[in-house]
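The values are calculated or read from the model by the stated rules, or taken from the named source; none is laboratory data. Bear in mind the structure is a predicted one, so any value in this text is a computation, not a measurement. Counting neighbours? That spans all protein chains shown, and the Cβs are built from the backbone with ideal geometry, glycine included.
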Amino acid sequence: MTGNLLEIRDLHKRYGEVEVLKGVDCTMAQGDVISIIGSSGSGKTTMLRCINMLEEFQGGSIRIDGEEIGYDTAGGTRRRKKEKEIARQRAMTGMAFQQFNLFPHMSAAENVMLGLVKVKKMARDEARIVAEKWLDRVGLAERRDRFPSQLSGGQQQRVAIARAIAMNPKLMLFDEVTSALDPELVNEVLQVIKDLARDGMSMLLVTHEMRFAYEVSSRVIFMNQGRIGEEGNPREMFLKPQTERLAEFLKTSTFN
Amino acid sequence: MGYTLNFSAVWRSFDQLLWGLALSLGLAFVAIAIGCVLGLVTAFGLLSKQGALRHPARIYVTIIRNTPILVLVLFTFFALPQLGIRLGKIESFVSTLAIYSGAYLAEVFRGGLLAVPNGLKEAGLAIGLTQSQIRNSIVMPLMLRNVLPSLSSTLISLFKDTSLAAAIAVPELTFEARKINVESFRVIETWIVASCLYVATCSVLAALLRQLERRMSIPR
């Protein structure tokens, strides 16, 4: 096997009749920061959600650190792995969502602790120390006992990132994490992601923030109608798009 | 009207009413406790993707909710023995009320479960929780908060339904009141006192449930 962190081969995903991913290939090395851009409906988010099996997929394979995700293929038949096994594999990745999805009945610290206690089987005291460390890292140490409803959108998203990252995932998935935020709250979240990138975290980001993608990514993937339309380093992609489609897309997006 | 209220006969038998009330509360408590478990299981059944779970749950809820509880009480007590199932009056009533409350609570719980956003379950999955961990740590606590306001009115009406046990001579509050009424002929006084006991008990229950609701509410 190659030493890739993530290896997606010929990924196909259908919702009933509609094929949303039509054979996507993608590899990623440890420490890579890849931004996925493209118009809505191009399959960006679906691709991300296949990686942690929030979506089933009908064809192709996804491997993380050489381990096949979600399905076992033996002797030509393909079987979904057992739920427990999939849960274990999901913990290999961390995900931050557009709508934050914090557990509303738990404080910021408890949100971060839940996975540590239930999945990593950490003692509560130990989990609290880890949670506080990560909340401190995202600049929310003094808000650790607040509930999600008492936090701004930007703060909620930072807690959500802390919750994911505290699980020590091999790969972080960010699904349009700034799309639901008021403009003045976007930067605090992007700053947290930039800091993680600087620390060498491997990340896959679906984003509409073109300047951010340009600044933070080691590579950019442009998704178009369920396929990868173009990929390369951000400089080439944004300054010299090779395909008509990407040029068109960039013209309609704001780069600020 | 020349009627003068005279409560002395009722006061003389007041402890009888209180024992009746205690039994009413006991019947309600046991039946509703069983009903909650039954309702919860049924609610998950109603929301299941598997027809083998969903259909029986739906049939159970539909039949029970469309049958008057008095008919169910009489059926269990008088008809089941004909079929070889013989229960004492209290057991018979408690099981009827449990099955009845299960069907109502199932609908309440179903609504509460539906109101838990899917994104929260996905967030649980994404950190590696199993389905049962998500159910216990995320879905159930949130469902409970969602249903508390409507749960309290359901629980109170189920408590009041214990009065139907009088129909099969279970000595609860209504039965005791009727006994005092027959023995003393103080019809108005007896039923005023019995009503007051029901109102007071329901008010206390409502206050307790409001307290619980306040305690469990998410800070804003």
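Here are the numbers for the structure shown:
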item: Selection count where residues are of a type in the set (D, E, K, R), over 15 Å from the mean Cα position of the chain (by Cα) and either more than 7 Å from chain B (Cβ to nearest Cβ) or surrounded by 21 or more Cβ atoms within 10 Å (Cβ to Cβ) (or both), scope the stretch A:81-127; result: 9
item: Filter pass, A:Phe147 being facing another protein chain (nearest Cβ under 7 Å), under 19 Å from the mean Cα position of the chain (by Cα) and buried (at least 19 other Cβ atoms within 10 Å of the Cβ); result: no
item: Looking only at the stretch B:109-124, and only at residues there that are surrounded by 22 or more Cβ atoms within 10 Å (Cβ to Cβ) and farther than 12 Å from B:Leu47 by Cβ, the one that is nearest to the other protein chains (Cβ to nearest Cβ); result: B:Ala123
item: Those residues of the stretch B:185-201 which are part of a helix (DSSP H, G or I) and surrounded by 16 or more Cβ atoms within 10 Å (Cβ to Cβ), in sequence order; result: B:Glu189, B:Thr190, B:Trp191, B:Val193, B:Ala194, B:Leu197, B:Tyr198, B:Thr201
item: Given (1) farther than 24 Å from B:Tyr198 by Cα; (2) surrounded by 15 or more Cβ atoms within 10 Å (Cβ to Cβ), number of the condition B:Gly20 does not satisfy; result: (1)
item: So B:Ile218, is it outside any helix (DSSP H, G or I) and surrounded by 13 or more Cβ atoms within 10 Å (Cβ to Cβ); result: yes
item: Selection count where residues are on the phi > 0 side of the Ramachandran plot and either in contact with a strand residue (DSSP E or B) (Cβ under 6 Å, 6 or more places away or on another chain) or free of Cβ contacts under 8 Å to residues at least 40 places away in the same chain (or both), scope the stretch A:97-146; result: 1
item: Looking only at the stretch B:127-184, and only at residues there that are part of a loop (DSSP other than H, G, I, E, B) and within 14 Å of chain A (Cβ to nearest Cβ), the one that is surrounded by the most Cβ atoms within 10 Å (Cβ to Cβ); result: B:Ile127
item: Helices (runs of 4 or more DSSP H) fully within the stretch B:1-103 counting 1 or more residues that are in contact with a Pro (Cβ under 8 Å, 6 or more places away or on another chain); result: B:14-46
item: Extreme residue, surrounded by the most Cβ atoms within 10 Å (Cβ to Cβ), among residues of the stretch B:45-76 that are under 20 Å from the mean Cα position of the chain (by Cα) and of a type in the set (Lys, Arg); result: B:Arg58
item: Filter result for A:Leu181 (within 23 Å of A:Met201 (Cα to Cα) and of a type outside the set (Asp, Glu)); result: no
item: Unmet requirement for A:Val189, which otherwise passes all of (1) assigned to a helix (DSSP H, G or I); (2) among the hydrophobic types (A, V, I, L, M, F, W, C); (3) more than 15 Å from the chain's Cα centre (by Cα); result: (3)
item: Test for A:Leu48: is it closer than 30 Å to A:Asp145 by Cβ and among the aliphatic types (A, V, I, L, M); result: no
item: Any pair with Cβ under 7 angstrom, 6 or more apart, that starts in the stretch B:153-177 at a residue that is among the aliphatic types (A, V, I, L, M) and ends at one that is in a loop (DSSP other than H, G, I, E, B) and buried (at least 22 other Cβ atoms within 10 Å of the Cβ); result: B:Ala165/B:Glu172; B:Ala166/B:Glu172
item: Where B:Leu151 falls short, out of the listed (1) closer than 30 Å to B:Val71 by Cα; (2) at pLDDT 95 or above; result: (2)
item: Tabulated pairs, the stretch A:234-256, first closer than 17 Å to A:Arg211 by Cβ, second surrounded by 17 or more Cβ atoms within 10 Å (Cβ to Cβ) and of a type in the set (Asp, Glu), C-beta under 6 angstrom, 6+ apart or interchain; result: A:Leu246/A:Glu230
